[in-house]
Each structure stands twice: as structure tokens, then as C-alpha cells.
Amino acid sequence: MKNKLEFYELIQKRLRGGDVLRYHTRPEVADKQDVAAHSWRSLVLLTTLWPDASKNSILFVLYHDVAELEIGDVPATTKWKYKDLAKTLSVIENDYEELLRLPVKYADLTEEEKQKVKIVDILELIFHCHKQMQKGNSLARDIFYRGIDFLHSNFKYTKDYVLIETVLEKMKGES
């Protein structure tokens, strides 16, 4: 750090990343969830599913959406549909993460760590939608099932999927 003011500004930007509201294109399911709540809930899932989670995984999950302060919470469905936009957003995210000097970046993770952090990121979305559905919000149903389909399609052959599938089946039975 060059000076104390620069350190203060870095802390402010990192913390403000937690204030970004999620689901801005689907406000009917947002329930005012912000990145800080999502990150904490994802960390709970990571350390519950994998109590021996690596420090890199933990730090990555903590900071994984902080760049949304710069780019917003662009829906995954938009990134899937517009591949060029997804690439551009990835460049912007990486640049912003460099600016914030984040301790761990996606590229720093092993393949197993990448799987685990993606699983808990989507699993938190599923839990969030499940909670909304328990409150009577049927508008969360499509996101809930899309998340389950994503996990199943991408991770059904991983060694820990049986445990995750058990949790998903329990939630589906309650909805």
C-alpha cells in the first residue's frame, strides 16, 4: 500500500461489494438478498459440506461476487445466451479483482476447489429460492429447479454428489 488513504479506499470498495443486491432482474424472488448474505451462506454450505475446505476455497467464496460492485449481478442465463458478453464481463471482473487486490482468484483454485465453490454458489441460490417458496412465493420455483438441473447436469459424477443429491431431494419433497 502506498498510503493509509489507499488502504482505506481498498477496504471500502471490498466492503461495498457486499452491498450489491442480487436478483435485480428477478426482484420478485430477491427478498433484498445482497452479496454479503449470499457469500456468508455459501461459506456456511462450503464448510458444512467440506469441513476441511482449503483456505483458498474459503477466501474465494468470501470474495467471489465482490466485482459485482463494478458490473452488477448479471444473470447467468444472460451470460449463457450471450457468450461474447460473458467473456467481456469476465475480463472486467478480473481487472476489478486485480484493482481490489483480492487474495484468491478463480485461476488460483485447483479443479476440485473450482467444483466445490461452484456447487455451493448454486446450492445457495437453490436454498434461497427454497426459502422463498416456503414463504409462498411460487415465482421462485423456476429458478429453484433450474439450479437443481444445473447441479445435476454438471456435477452428478463428482464424488460428493450423493450427499448433495440427498439435500436436493429433501428440498424438492418440501416444495
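Each reported figure results from applying straightforward, stated rules to the coordinates on display, with no laboratory input. Since this is a predicted model, take the numbers as computed values, not measurements. Please note: Cβ atoms are built from the backbone with ideal geometry, for glycine as well, and neighbour counts cover all protein chains shown.
Note down the relative contact order for the chain as a percent, whole number, built from C-alpha pairs under 8 angstrom at least six residues apart.
22
Filter the trypsin sites (Lys or Arg not before Pro) in region 77-175 to those in DSSP coil with at most 15 other Cβ atoms within 10 Å of their Cβ, and list the result.
Those satisfying the criteria are R101, K135, K156, K159.
Rounded to the nearest 500 deg cm²/dmol, what is the calculated helix-only ellipticity per residue at 222 nm for the chain, with -39500 (n - 2.57) per DSSP H run of length n ≥ 4?
-21500 deg cm²/dmol
Bin width 10 Å, origin at 0, all Cα-Cα pairs of the chain: what percent of pairs per bin?
In order of increasing distance, the bins hold 9, 35, 38, 15, 3, 0 percent.
Inverting the mean 1/r over all pairs of different Cα atoms, compute the Kirkwood radius of region 66-113 and quote it in Å.
Kirkwood hydrodynamic radius for region 66-113: 11.7 Å.
Which entries in K114/K172; K87/K118; K135/K172; K81/K135; K13/K79; K13/K116 show an alpha-carbon gap greater than 21 Å?
Pairs exceeding the cut-off: K114/K172; K81/K135; K13/K79; K13/K116.
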